[in-house]
1. Considering only residues that are of a type in the set (D, E, K, R) and in a helix (DSSP H, G or I), which ones fall in region 167-187?
2. What tally of residues in region 3-38 results from selecting those that are closer than 12 Å to residue 292 by Cα and in a helix (DSSP H, G or I)?
3. Surrounded by 18 or more Cβ atoms within 10 Å (Cβ to Cβ), under 19 Å from residue 341 (Cβ atoms) and of a type in the set (A, V, I, L, M, F, W, C): does that describe residue 73?
4. Listed residues 140, 80, 120; which is farther than 17 Å from residue 210 by Cα and surrounded by fewer than 24 Cβ atoms within 10 Å (Cβ to Cβ)?
5. Considering region 12-24 alone, what residues qualify as being at pLDDT 80 or above and buried (at least 18 other Cβ atoms within 10 Å of the Cβ)?
6. Residue 416: under 24 Å from residue 171 (Cα atoms) and hydroxyl-bearing (Ser, Thr, Tyr), yes or no?
7. I'd like the full set of residues that are farther than 24 Å from residue 188 by Cβ and in contact (Cβ under 8 Å) with a residue 40 or more places away in the chain, limited to region 88-134.
8. Looking only at region 170-205, which residues are of a type outside the set (A, V, I, L, M), in contact (Cβ under 8 Å) with a residue 12 or more places away in the chain and over 30 Å from residue 354 (Cβ atoms)?
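The values are calculated or read from the model by the stated rules, or taken from the named source; none is laboratory data. All of these numbers come straight from a predicted model, not from anything done at the bench. Cβ placement follows ideal geometry from the backbone for every residue including glycine, while neighbour counts extend to all protein chains displayed.
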Amino acid sequence: MIGEIVVFILTYFLIMVRPWKLNEATGALLGAVLMSLFLQPHHILEALGFSTEYGTPLVTTWNVVLMLIELMVISTFLDDYGFFEYCAVKAMHLAGGDKKKLFTYTYAVTCFITAFTSNDIAILTLTPIILKFCRRAGLDAKPFMYSFFFAANIASMFLYIGNLTNILIGDAFKLGYFDFTVYMFLPTMAAIIVNFVIFYYMFKDEVRGTYPMSCDVNARELIKDRPMVAVGLAALVLVLIGCGFANWLTLPLSVVTTIGALAIYIAERKPVMRTRRISWRVVVFVLSLFIVVKGLEVSGVNAIVGGVILSIVGQNPVYTTFFISMASAFLCNVVNNIPMTAMMVPITSGIAATPEMALAMAYSLVIGSNLGANITITGALAGILWLECAKAEKWSTGVSEFIKTGLIVTPVVIFSSAMVLALELCI
């Protein structure tokens, strides 16, 4: 057990500190290689989502990763042909020089794009757009960057495929695709509204007044190829709806995302370029973390943690909702949200003795794994991507300043979302 814990801590150090200029994927891969020394071959297969004669994995990792890759294909396709940039610039123009309207519209567009793609895609796409616009209009970028980042992590709770952690949780707990949205719609809306109100008053002085309108960007001209954008939107709609039917038919959701990705490849006819746009670092990062976390499970660490959680919440869904939402959110900032989710899924599913407890555990984990990214920049991969994109545009924020904001805003937002979820579970 001690060896596995040491490897886990070392992996976390390599991911967070990134010594010798290692990226997070390389750090996770090195951790996976070291953890493999403590595992049997069948453990590694199970970590990757394959059943063996020794057991059936809780999460079908290969299905989750395949979905992740294919959703990247669809999202980067729409991004490359200017759809997301069009949405963002259109919203900025609609604000008509009013800073408060611009603040509101930026927040709303971020929620819209994130809800139907993912927080990572929204962050990668919108960060440079917002910074360039703020620079051109002479605006303080901080209110817009903070509100947009927080909104991206909140809105990703809405759909089953809105965040990688959602897919992990949904797959492990066998959550219904449409049921997921039914349960998470109101908690997500509560979080969006509460977060916006807090930020609106927090930055009220910075977003007061007007800014000069720039006419040098025509939003329509940002769409590089309308037929291609139509294909991308059709593929996205197919995935959003088709995954629900696949779930109902008990088919892997990757069946639908594969069809959507193939439609993109066939329409574009640039397979090499499109494949290069996939963030393979993220894929390696995720696969490696599952092997690292498998080591903790095999060593018995998960059982100990599960016993502690059970002693605190018992089998009470309401207690569970608040405790798991808060605990998992703060745990994201200890081990990052993806390994936190991969570690907590088998723990929480193993101690849920009733269907009500299973639902409380699952959806509380969704809240925590998404909103935990808003406490510190390193709480999720999204924060690391956000800071890297911002630095490329010569903008940055202090780590202590971000943490101060996160600790003020996020616990209130988590509590609001958890309270709505608890009411849903009671009703």
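1. 171, 179
2. So the count comes out to 20.
3. Spelling it out, it is not the case that residue 73 is surrounded by 18 or more Cβ atoms within 10 Å (Cβ to Cβ), under 19 Å from residue 341 (Cβ atoms) and of a type in the set (A, V, I, L, M, F, W, C).
4. Going through 140, 80, 120 in turn, the sole match is 80.
5. Residue satisfying the conditions is 14 alone.
6. Spelling it out, it is not the case that residue 416 is under 24 Å from residue 171 (Cα atoms) and hydroxyl-bearing (Ser, Thr, Tyr).
7. Hits for region 88-134 are 89, 92, 93, 96, 97, 98, 99, 128, 131, 132, 133.
8. Once the filter is applied, which keeps residues that are of a type outside the set (A, V, I, L, M), in contact (Cβ under 8 Å) with a residue 12 or more places away in the chain and over 30 Å from residue 354 (Cβ atoms), region 170-205 yields 195, 196, 199, 200, 203.
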